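Report on one structure; see the data block that follows.
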Amino acid sequence: MAELTSTAQNYEKVCAILDKYGCDSNKLIPILQKIQEEYNYLPEDVMTFVATKLCIPPSKVFGVATFFAHFALEAKGKHIIKICNGTACHVKKSIPIREAVRKKLNLAEDKNTTDDMLFTIETVFCVGACGLAPVMIIDDEVHGKMTPEKAIEIIDKIIEEEKK
């Protein structure tokens, strides 16, 4: 029953977002942006609901969601770890940092989010902090001149904080 309530609450939030934009299909991108802010990704059932409410084909909503790299179609963890692999970071050995974090979080190559939904790791290309290379960003906090060891220390601190 709790799941049903949760789903009903989800659609209430989506309805509030749609109302804010006047259920205007011309405002699909900002609507999807707000929904993603709310859920940290775009759930398939929510996108179908949006299509129905905006009287547009679901394919249009899914098309927009898959066209823009900003939108995520899979649930992400509470903490988003971005490892830069732009030219400067790559040259300064960002790959060993990424591999150390993946190993620490027990993530296979085809899996980016931990089972407990605590972390999601993403490889990004140039965050504009080349002077700090290699760079790791966690929840919008930039960590420069990283090493695999420093990255693991930061992850361990977050894990400890989460236990409190």
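Summary of values
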quantity	calculated
Residue in region 128-142 that is modelled with the highest pLDDT, counting only those that are in contact with a strand residue (DSSP E or B) (Cβ under 9 Å, 6 or more places away or on another chain) and among the charged types (D, E, K, R)	ASP139
Qualifying residues in region 69-127 (those that are in the same structural domain as GLU149 (by TED's automatic domain parsing) and of a type in the set (Asp, Glu)) - the one modelled with the lowest pLDDT	GLU109
In region 72-107, the residues that are among the hydrophobic types (A, V, I, L, M, F, W, C) and under 18 Å from PRO148 (Cβ atoms)	ILE81, ILE83, CYS84, ALA88, CYS89, VAL91, ILE95, ILE97, ALA100, VAL101, LEU105, LEU107
Search result, residues across region 15-46 that are free of Cβ contacts under 8 Å to residues at least 12 places away in the same chain and either in contact with a strand residue (DSSP E or B) (Cβ under 7 Å, 6 or more places away or on another chain) or among the aliphatic types (A, V, I, L, M) (or both)	ALA16
Test: residue in region 119-137 that is surrounded by 15 or more Cβ atoms within 10 Å (Cβ to Cβ), without any contact (Cβ under 8 Å) to a residue 24 or more places away in the chain, out of contact with any Lys or Arg (no Cβ under 7 Å at 6 or more places or on another chain) and not β-branched (Val, Ile, Thr)	no
Unique residue being in contact with a Ser or Thr (Cβ under 6 Å, 6 or more places away or on another chain) and among the hydrophobic types (A, V, I, L, M, F, W, C) when the list is LEU105, LEU132, LEU73, LEU118	LEU105
Residue match in region 35-42 (condition: outside any helix (DSSP H, G or I), in contact with a Leu (Cβ under 7 Å, 6 or more places away or on another chain) and more than 18 Å from LEU73 (Cβ to Cβ))	no
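Per-residue answers, yes or no, for (1) surrounded by fewer than 17 Cβ atoms within 10 Å (Cβ to Cβ); (2) within 30 Å of PRO134 (Cα to Cα); (3) among the acidic types (Asp, Glu):
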{"residue": "ILE31", "(1), (2), (3)": "no, no, no"}
{"residue": "VAL46", "(1), (2), (3)": "no, no, no"}
{"residue": "ILE56", "(1), (2), (3)": "yes, no, no"}
{"residue": "LYS60", "(1), (2), (3)": "yes, no, no"}
{"residue": "ALA69", "(1), (2), (3)": "yes, yes, no"}
{"residue": "ILE95", "(1), (2), (3)": "yes, yes, no"}
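The values are calculated or read from the model by the stated rules, or taken from the named source; none is laboratory data. From a predicted model like this one, the values you see are computed outputs, not experimental measurements. A quick note on method: Cβ atoms are made from the backbone with ideal geometry, for glycine too, and the neighbour counts reach across all protein chains shown.
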